[in-house]
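One structure is given here, and the rest of the page talks about it.
The values are calculated or read from the model by the stated rules, or taken from the named source; none is laboratory data. These figures come from a predicted structure and were not determined experimentally. Positions of Cβ are generated from backbone atoms using ideal geometry, with glycine treated the same way; all protein chains shown enter the neighbour counts.
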Amino acid sequence: MTAFSLDPAQTAWCAELRTLAAQRLRPLAEKGEPGHVNRPLVAALGELGLLKRLFTSGALDLCLMRESLAQVCTEAETALALQGLGAHPVHAYGTRAQRDRWLPAVSDGGAVAAFALSEPGAGSDAAALALSADRDDRGGGHGGDGGSWRLTGEKCWISNAPEADFYTVFARTTPGAGARGVTAFLVPADRPGLTGTPLDMLSPHPIGSLAFDGVPVTSDDVLGEPDRGFRVAMGTLNLFRPSVGAFAVGMAQAALEATLGHTAGREAFGGKLRDLQTVAHQVAEMALRTEAARLMVYAAAAAYDEGAPDVPKRAAMAKLLATETAQYVVDAAVQLHGARALRRGHLLEHLYREVRAPRIYEGASEVQRAVIAKELYATREAP
C-alpha cells in the first residue's frame, strides 16, 4: 500500500463504516438537539468500537473513519473527532493513573472529552494564551506532591463545552515565556470554580465558553511536563489536522454525489443538466479538486504514521487544501441545485453550515499558510 491508494481491506472497511453510519448512527443523530452533546450517539460510537480505535490506530485509519462517517452523518463524524481531540493528550502524554481513569470511559462512550486551547484573545495565536496557572501555596486538595496551581481566566470556542466530563486545558504557568511557558492540565468538569456557557454557533455541534475562577489543579493533573504544554497541543494538532481534511473530503464527496444525481436527472433547457457543458465542466472540477485533496490527506496521514520529519508541513497542507476545497465543492453544489438546496433540512443546506467552520478551527487557513512557509524556509536554511 502506498500513500496514494487503499488496499481492498481498507476500501471494504470504509464501505462498512458508511453502512453503519446510515443504519445505526444517522437515526440517533437525527434525534439529537443541535448545539448539545448527543450522548446516545457517543455511546453508539463506543458500542461499535470506533472510539477505541482512536487510541489503537494510526493517522490514516483516523482519516478513513472521519471521511467515511462524514459522507453519511457529519454529526457522528464530529462526535468521534471531538472525543479523539479531547482525549488524545491523555492517551499520548498522560500518566498511567490518568489513562486508567479516563480512557476506558472515553472508549466506551461513557465520558465526553474536550480540548480547551482557544481563548477570546488567543485563538489561532495559541502561544499568546492568557489563562493563568498561579502557584498555590494552600494546595488544591486533590493530591500530588509536585506543586499546586489555581487556574484563572477564560476559554472560548471549545467544542463539547460546557457539557464535557473533562477538559484538556492549556494554561500559562510562566508569564512572558510565550509557547515555552504553557502547561497542559487534565481538568474534570466538576472541579470547583469551573463553569461554562453554551454558544449559539453556525455549526450545529456543541461549542461553548469556560470560566475558571481559581480552579485547583496539582501535579497529578499535569499532562506531560510543566511549561511543555505547547508540545502537547502541537503534537495533538499535527495528528488531527490531516483528519480535519478527511472530514472536509467526506463532506465534499457527499456534495459531489448529490450533484451527480441531481444533474443527471434534472430536466432543463430541453435536456438533462449534465448535457450543458458548463455544468459538466463544473462537476468535473468539483471531482478533480476533491480527489486531489483526498490524496494529500492520505499522504499527510501516512507521513505521520511513518514518523516523517516534515509532518507539520504536510499536516498543514492537507488541512488547508481539503477545507478550502470542501468549501468550494459544497458551494458549487448548492449553485447547481438552485433554491431547493437552501431549504432547511436539505443535505446541502446542512453541509453548507457544516463546511465553513473547519477553515477556522484547529488553525485557520491563514495559520496553515504561515506554518507551511515557516517549514519551507527552515528546510532551506538547514545545513
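Is there a residue being in a loop (DSSP other than H, G, I, E, B) and out of contact with any Lys or Arg (no Cβ under 8 Å at 6 or more places or on another chain) anywhere in the stretch 7-26? Among the residues of the stretch 7-26, at least one is in a loop (DSSP other than H, G, I, E, B) and out of contact with any Lys or Arg (no Cβ under 8 Å at 6 or more places or on another chain), which makes the answer yes.
Just to be sure before I move on: is GLU33 acidic (Asp, Glu), at pLDDT below 95 and either within 19 Å of GLU163 (Cα to Cα) or more than 16 Å from the chain's Cα centre (by Cα) (or both) in the structure I sent? So GLU33 fits the description; yes. Check the stretch 259-269 and report whether any residue there is acidic (Asp, Glu) and at pLDDT below 95. Yes, that holds for at least one residue.
Going through (1) touching a Lys or Arg at 6+ places or on another chain (Cβ under 8 Å); (2) closer than 30 Å to ALA184 by Cα one by one, GLY229 falls short only on (1). Considering the stretch 52-80, the residues that are among the aliphatic types (A, V, I, L, M) and more than 14 Å from the chain's Cα centre (by Cα) include one that is surrounded by the most Cβ atoms within 10 Å (Cβ to Cβ), namely LEU60.
Condition check: under 30 Å from ARG101 (Cβ atoms), basic (Lys, Arg) and touching a strand residue (DSSP E or B) at 6+ places or on another chain (Cβ under 9 Å). Does ARG266 satisfy that? Full working, then the answer.
Numbers: under 30 Å from ARG101 (Cβ atoms): no; basic (Lys, Arg): yes; touching a strand residue (DSSP E or B) at 6+ places or on another chain (Cβ under 9 Å): yes.
Criteria not met by ARG266.
A count restricted to the stretch 205-255 and to residues that are under 24 Å from CYS14 (Cβ atoms) and part of a loop (DSSP other than H, G, I, E, B) stands at 1.
One line per residue, one yes/no per condition, for (1) modelled with pLDDT under 95; (2) within 21 Å of THR263 (Cβ to Cβ):
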position	(1), (2)
LEU276	yes, yes
HIS281	no, yes
VAL311	yes, no
ALA326	no, yes
VAL329	no, yes
ALA332	no, yes
ARG340	yes, yes
ALA373	no, no
THR379	yes, no
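Mind checking whether some residue in the stretch 232-240 is in contact with a Gly (Cβ under 6 Å, 6 or more places away or on another chain), hydroxyl-bearing (Ser, Thr, Tyr) and under 28 Å from ASP100 (Cβ atoms)? No, that holds for no residue. Set side by side, the residues ALA322, ALA293 differ, and just one is crowded, with 24+ Cβ neighbours inside 10 Å, free of Cβ contacts under 8 Å to residues at least 60 places away in the same chain and either of a type outside the set (Ser, Thr, Tyr) or closer than 26 Å to CYS73 by Cβ (or both), which is ALA293.
Counting only residues that are out of contact with any helix residue (DSSP H, G or I) (no Cβ under 6 Å at 6 or more places or on another chain), farther than 12 Å from ALA164 by Cα and crowded, with 23+ Cβ neighbours inside 10 Å, the stretch 82-93 holds 1 of them.
Can you tell me which residue in the stretch 182-231 is surrounded by the most Cβ atoms within 10 Å (Cβ to Cβ), limited to those that are of a type in the set (Lys, Arg) and within 23 Å of ALA127 (Cα to Cα)?
Looking at the filtered set, the residue picked out is ARG228.
Of all the listed residues (ASP190, ASP213), the sole one being of a type in the set (Asp, Glu) and in contact (Cβ under 8 Å) with a residue 12 or more places away in the chain is ASP213.
What number of residues in the stretch 268-303 are touching a helix residue (DSSP H, G or I) at 6+ places or on another chain (Cβ under 8 Å) and more than 20 Å from MET65 (Cβ to Cβ)? Step through it out loud before you land on a result.
Looking only at the stretch 268-303, we keep the residues that are touching a helix residue (DSSP H, G or I) at 6+ places or on another chain (Cβ under 8 Å), and these are 272-274, 279-280, 282-283, 285-287, 289-290, 292-294, 296-303.
Filter once more, keeping what is more than 20 Å from MET65 (Cβ to Cβ): 272-274, 279-280, 282-283, 285-287, 289, 292.
Qualifying residue count, the stretch 268-303: 12.
Filtering the stretch 51-62 for residues that are at positive phi, touching a Ser or Thr at 6+ places or on another chain (Cβ under 9 Å) and part of a loop (DSSP other than H, G, I, E, B) leaves an empty set. Condition check: part of a helix (DSSP H, G or I), touching a residue at least 60 places away in the same chain (Cβ under 8 Å) and touching a Ser or Thr at 6+ places or on another chain (Cβ under 9 Å). Does VAL283 satisfy that? Criteria not met by VAL283.
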